[in-house]
1. In the range 78-112, which residues are touching a strand residue (DSSP E or B) at 6+ places or on another chain (Cβ under 9 Å), within 15 Å of residue 137 (Cβ to Cβ) and open to solvent by 60 Å² or more (accessible area, probe 1.4 Å)?
2. Among the residues of the range 127-171, count how many are farther than 30 Å from residue 108 by Cα and among the polar types (S, T, N, Q).
3. How many residues does the range 30-57 contain that are within 21 Å of residue 69 (Cα to Cα) and open to solvent by less than 70 Å² (accessible area, probe 1.4 Å)?
4. Here's a check for you: in the range 1-29, which residue that is open to solvent by less than 90 Å² (accessible area, probe 1.4 Å) and either more than 10 Å from the ligand (Cβ to nearest atom) or at pLDDT below 95 (or both) is nearest to residue 63 (Cα to Cα)?
5. Only one of (1) more than 18 Å from residue 10 (Cβ to Cβ); (2) away from the ligand (no atom under 16 Å from the Cβ) fails for residue 135. Which number is that?
6. For the range 6-35, give me the residue count where each residue is under 20 Å from residue 123 (Cβ atoms) and among the aromatic types (Phe, Trp, Tyr).
7. Identify the residue in the range 65-77 that is open to solvent by less than 20 Å² (accessible area, probe 1.4 Å) and of a type outside the set (A, V, I, L, M, F, W, C) and, among all such residues, is farthest from the ligand (Cβ to nearest atom).
8. Quick check on this structure: which one of 155, 161 is closer than 24 Å to residue 81 by Cα, free of Cβ contacts under 8 Å to residues at least 12 places away in the same chain and either crowded, with 16+ Cβ neighbours inside 10 Å or out of contact with any Cys (no Cβ under 7 Å at 6 or more places or on another chain) (or both)?
Amino acid sequence: MGSPRRNGVTAALTECFIDLWQSPEHEVTLIEAYRKTINPCIHCGYCKRIQGCRYDDDFTLIDRALREANLLVVASPVYGLGFPAPLKAVFDRTQRYFEAKFSLGVKNPIENYKPALLLAAYGSTDSRGVAIMQEHLRLAFRLMNASLEHTIAVPNTDRIPVNKETLRSEMTQILKKLEAIYKV
Ligand SMILES: Cc1cc2nc3c(=O)[nH]c(=O)nc-3n(C[C@H](O)[C@H](O)[C@H](O)COP(=O)(O)O)c2cc1C
């Protein structure tokens, strides 16, 4: 989850997802990027030599989730046509999987495949930010052994309050589809 605001639209999307998905069969782990310490990649070359990262910080939570999860959800506001800085830091830190694969010859640095969902909020009616985020995720997900299957994007959030009922019914449909296709 990549918004600093707990009462914003990204938080509403995240809560809606958790409310619909969490059950005895589906455990949900929420990681709020703004409330964790995830240092930005400094291109030090450590992961080119040793599988892992020189930083011992909260990225370990992301690493564990990527290895254990069978569904991945990225919830984010659009900031400057892209991801807010703490989420960008998360994606840049996945460079360790790139280096594991291409420098260290690890065939599949993250072994379990998972489908993924993007939940996005943006203040304007300019949808380019969501398109850019989708492109970014398609690339980053290749290293995380995930693929972007669906996006729920709420536009115009700076002008129009989010309709939680519409959101809930749209999300219900999408989660049913994901559940049926991927048996997650
Ligand atoms: C730093 C910053 C940059 C933003 N950049 C964009 C942008 O490029 N395009 C856009 O449509 N909205 C932009 N917005 C508006 C947010 O996407 C919008 O307010 C969104 O609802 C914030 O998410 P939240 O409600 O979960 O906090 C920006 C807001 C901030 C604070």
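1. Hit for the range 78-112 is 88, nothing else.
2. The total comes to 6.
3. 7
4. Per the stated criteria, the residue is 28.
5. (2) is the only condition that residue 135 fails.
6. Summing the residues that are under 20 Å from residue 123 (Cβ atoms) and among the aromatic types (Phe, Trp, Tyr) in the range 6-35 gives 1.
7. The extreme case among them is 76.
8. After applying the criteria, what remains is 161.
The values are calculated or read from the model by the stated rules, or taken from the named source; none is laboratory data. All figures in this text were calculated on a predicted structure; none of them were measured in a lab. Cβ: placed from backbone, ideal geometry, glycine included. Neighbour counts: every protein chain shown. Heavy atoms of the whole protein, side chains included, go into the accessibility calculation; ligands, DNA and RNA do not. Shrake-Rupley method; radii C 1.70, N 1.55, O 1.52, S 1.80 Å.
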